[in-house]
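Peer 1: Below is a structure I'd like to ask you about.
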Ligand SMILES: Cc1cc2nc3c(=O)[nH]c(=O)nc-3n(C[C@H](O)[C@H](O)[C@H](O)COP(=O)(O)OP(=O)(O)OC[C@H]3O[C@@H](n4cnc5c(N)ncnc54)[C@H](O)[C@@H]3O)c2cc1C
């Protein structure tokens with residue numbers, strides 16, 4: 001039985017999503033007596049994968065005004081940033097991710113309490129490995145350090161999992177010292193010598209960061225980039241007046257083609273007024289989830305097959321200085337884009353040979369000392385090998401969606417079990433909720449999920 005007087009809530013994962021949820025839960029008067037546990041194995045909770053970065057060249061890819069932890073106080077991060085030493089000569093237009101990590105940790109530190117603190121949040125520096133159902137509908141969250149937390153509510157805020165192997169069936173390359181399976185592993189890129197040949201798989205924001213970090217470390221040899229569509233992320237346009245929302249023009253569209261046609265009509269209207277595509281696309285941002293949810297599964301699949309690459313380029317933009325740096329490297333012949341799909345990677349002594357080409361055709365072979373996998377994260381919960389995910393999957397407590405974008409949930413993020421029923425005590429937020437919204441990655445979406453889930457648990 002849940003103790004209404006003192007429910008126990010355990011948040012697994014102390015990145016942005018877990019932090020935002022912990023802070024929102026502590027703001028709920030109805031949960032004043034709740035015991036809140038936060039499980040995060042990193043040195044400090046708050047920054048998570050994205051903002052633990054120490055390198056100053058790793059920038060936030062949106063302006064500070066979009067990054068408040070609290071949806072109801074949009075300027076919160078911008079005000080914090082303005083008070084920091086790096087803003088003494090004016091706040092940066094695109095701050096470092098490390099600064100944002102500091103912001104998250106400082107906000108969380110306000111509620112991180114000693115173990116007995118009733119109004120605080122208790123951080124456990126460990127990893128959750130299982131969360132089976134026990135008596136009274138509660139779950140026993142088991143940590144790698146041997147602790148068990150019997151919880152009324154468990155929220156998975158696990159973030160993104162490293163990208164899957166980019167090629168098969170011969171997987172020997174996974175053990176080759178030149179293969180970098182996860183670009184965010186600390187110290188990984190520093191193993192690359194200045195004259196060694198490097199090949200990046202993918203051309204999204206991660207590849208841009210890796211490119212800039214390598215140049216910063218003094219890497220001099222040309223870098224090959226292999227990407228399916230061969231495009232870099234678009235650059236942010238200068239700040240402009242917001243474009244009026246035009247969701248009504250798409251609200252009844254149940255096909256990708258219909259939605260794209262309506263969007264193109266709006267682009268033409270905007271262009272006639274001298275307005276670029278960026279503010280038009282941004283005007284739809286709050287409604288993307290509704291547009292996605294209107295499409296039947298076959299249309300969502302069609303979007304993933306044909307448009308998701310182009311969408312990522314337009315939606316996930318680079319700070320202009322990063323885009324300019326990539327353009328300069330390209331013009332100087334220091335970066336070469338190779339359009340295609342990596343099909344095979346074969347170790348050959350110190351080198352890795354990479355076959356790039358369409359299905360069923362020989363394609364071409366490229367060679368590099370280092371191959372860095374900058375492809376997107378693994379979203380398929382049927383394949384994720386994390387022990388907690390595996391144990392919940394084997395117990396039938398979670399259901400991957402048919403498109404393999406994340407987990408099936410109800411409107412509040414309660415996990416749907418294999419019988420299709422929403423769990424009364426097991427929730428998730430963050431990228432795991434992509435099946436419901438498609439865009440469930442960035443701060444503006446996640447902070448809303450955190451506020452809504454906290455209000456729901458409080459009720
Ligand atoms: C490199 C990078 C840059 C980004 N830049 C931006 C940006 O500029 N703006 C923006 O809006 N978005 C950005 N994003 C998107 C980003 O994903 C979100 O902003 C946000 O950080 C996601 O937070 P999260 O808590 O869901 O995931 P994460 O930050 O990944 O946090 C998940 C945490 O869960 C922990 N964890 C996982 N499994 C367990 C377990 N079993 N037990 C205990 N702990 C566990 C992990 O250690 C991790 O710290 C970026 C993402 C990346 C990867």
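Peer 1: Any idea which residue in segment 47-64 is surrounded by the most Cβ atoms within 10 Å (Cβ to Cβ), counting only those that are within 9 Å of the ligand (Cβ to nearest atom) and assigned to a loop (DSSP other than H, G, I, E, B)?
Peer 2: Looking only at segment 47-64, we keep the residues that are within 9 Å of the ligand (Cβ to nearest atom), and these are 47-53, 58-62.
With the extra rule that they be assigned to a loop (DSSP other than H, G, I, E, B), the set shrinks to 47, 52-53, 58, 60-62.
On the way: 47: 26, 52: 19, 53: 20, 58: 21, 60: 23, 61: 20, 62: 17.
Ranking the qualifying residues of segment 47-64, first place goes to 47.
Results for (1) in contact with a helix residue (DSSP H, G or I) (Cβ under 9 Å, 6 or more places away or on another chain); (2) buried (at least 17 other Cβ atoms within 10 Å of the Cβ); (3) more than 28 Å from residue 207 (Cα to Cα), shown as yes or no for each residue.
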position: 245; (1), (2), (3): yes, no, yes
position: 248; (1), (2), (3): no, no, yes
position: 266; (1), (2), (3): yes, yes, yes
position: 271; (1), (2), (3): yes, no, yes
position: 278; (1), (2), (3): yes, yes, no
position: 288; (1), (2), (3): yes, yes, no
position: 298; (1), (2), (3): no, no, yes
position: 303; (1), (2), (3): yes, yes, no
position: 307; (1), (2), (3): yes, no, no
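Peer 1: Search segment 414-454 for residues being in a helix (DSSP H, G or I) and out of contact with any helix residue (DSSP H, G or I) (no Cβ under 8 Å at 6 or more places or on another chain), and hand back the single one that is nearest to the ligand (Cβ to nearest atom). If you could, list the steps in order and put the result at the bottom.
Peer 2: The first filter runs over segment 414-454 and keeps only residues in a helix (DSSP H, G or I), leaving 431-437, 443-454.
Add one more test, that the residue is out of contact with any helix residue (DSSP H, G or I) (no Cβ under 8 Å at 6 or more places or on another chain), and what stays is 431-432, 434-435, 448, 452.
Numbers: 431: 6, 432: 8, 434: 11, 435: 15, 448: 12, 452: 15 Å.
Checked segment 414-454; the qualifying residue nearest to the ligand (Cβ to nearest atom) is 431.
Peer 1: Which numbered condition in (1) away from the ligand (no atom under 16 Å from the Cβ); (2) modelled with pLDDT of 95 or more; (3) closer than 30 Å to residue 294 by Cα is the only one that residue 459 fails?
Peer 2: In the conditions (1) away from the ligand (no atom under 16 Å from the Cβ); (2) modelled with pLDDT of 95 or more; (3) closer than 30 Å to residue 294 by Cα, residue 459 misses (2) alone.
Peer 1: Taking only pairs six or more apart or across chains, which ones have beta-carbon atoms under 7 Å, a first residue in segment 58-75 that is closer than 17 Å to residue 27 by Cα and touching a residue at least 60 places away in the same chain (Cβ under 8 Å), and a second residue that is away from the ligand (no atom under 11 Å from the Cβ) and assigned to a loop (DSSP other than H, G, I, E, B)?
Peer 2: Matching pairs, first to second residue: 68/74; 68/75.
Peer 1: In the set 403, 366, which member is surrounded by 16 or more Cβ atoms within 10 Å (Cβ to Cβ), over 15 Å from the mean Cα position of the chain (by Cα), more than 16 Å from the ligand (Cβ to nearest atom) and in a loop (DSSP other than H, G, I, E, B)?
Peer 2: On the way: 366 fails: in a loop (DSSP other than H, G, I, E, B).
Going through 403, 366 in turn, the sole match is 403.
Peer 1: While we're here: Can you confirm whether segment 375-384 contains a residue that is without any contact (Cβ under 8 Å) to a residue 24 or more places away in the chain and either away from the ligand (no atom under 13 Å from the Cβ) or more than 16 Å from residue 156 (Cα to Cα) (or both)? I'd like the intermediate steps shown before the answer.
Peer 2: Taking segment 375-384 first, the residues without any contact (Cβ under 8 Å) to a residue 24 or more places away in the chain are 382.
Still in the running and either away from the ligand (no atom under 13 Å from the Cβ) or more than 16 Å from residue 156 (Cα to Cα) (or both): 382.
Yes: segment 375-384 contains one or more residues that are without any contact (Cβ under 8 Å) to a residue 24 or more places away in the chain and either away from the ligand (no atom under 13 Å from the Cβ) or more than 16 Å from residue 156 (Cα to Cα) (or both).
Peer 1: Let me ask something else about it. Within segment 150-199, can you find the residues that are more than 16 Å from the ligand (Cβ to nearest atom), out of contact with any helix residue (DSSP H, G or I) (no Cβ under 8 Å at 6 or more places or on another chain) and outside any loop (DSSP other than H, G, I, E, B)?
Peer 2: Of everything in segment 150-199, those that are more than 16 Å from the ligand (Cβ to nearest atom), out of contact with any helix residue (DSSP H, G or I) (no Cβ under 8 Å at 6 or more places or on another chain) and outside any loop (DSSP other than H, G, I, E, B) turn out to be 150, 172, 173, 174, 175, 190, 191, 199.
Peer 1: Mind listing whichever residues of segment 27-44 are buried (at least 18 other Cβ atoms within 10 Å of the Cβ) and within 8 Å of the ligand (Cβ to nearest atom)?
Peer 2: Within segment 27-44, 39, 40 meet the criteria.
Peer 1: Follow-up question, since we're still on this one. List every residue pair whose Cβ atoms sit under 6 Å apart, with the two residues 6 or more apart in sequence or on different chains, where the first one lies in segment 8-31 and is within 21 Å of residue 67 (Cβ to Cβ) and assigned by TED's automatic domain parsing to the domain that holds residue 70 and the second, anywhere, is more than 16 Å from the ligand (Cβ to nearest atom) and in a helix (DSSP H, G or I).
Peer 2: 25/31
Peer 1: Here is a further query. Mind checking which residues of segment 206-262 are within 23 Å of residue 299 (Cα to Cα) and assigned to a loop (DSSP other than H, G, I, E, B)? Please lay out each step first, then the result.
Peer 2: Here is the first cut: in segment 206-262, the residues within 23 Å of residue 299 (Cα to Cα) are 228-229, 246-262.
Passing the criteria: 228, 229, 246, 250, 251, 252, 253, 254, 255.
Peer 1: Right, here's the next one. With the requirement that a residue be assigned to a loop (DSSP other than H, G, I, E, B) and over 30 Å from residue 12 (Cβ atoms), what does segment 65-83 give you? Even if it seems obvious, please write down each step before you answer.
Peer 2: At the first step, the residues of segment 65-83 found to be assigned to a loop (DSSP other than H, G, I, E, B) are 67-75, 83.
Of everything in segment 65-83, those that are assigned to a loop (DSSP other than H, G, I, E, B) and over 30 Å from residue 12 (Cβ atoms) turn out to be 75, 83.
The values are calculated or read from the model by the stated rules, or taken from the named source; none is laboratory data. On a predicted model such as this, the values are computed, not experimentally measured, just so you know. Cβ atoms come from the backbone with ideal geometry, glycine included; neighbour counts cover every protein chain shown.
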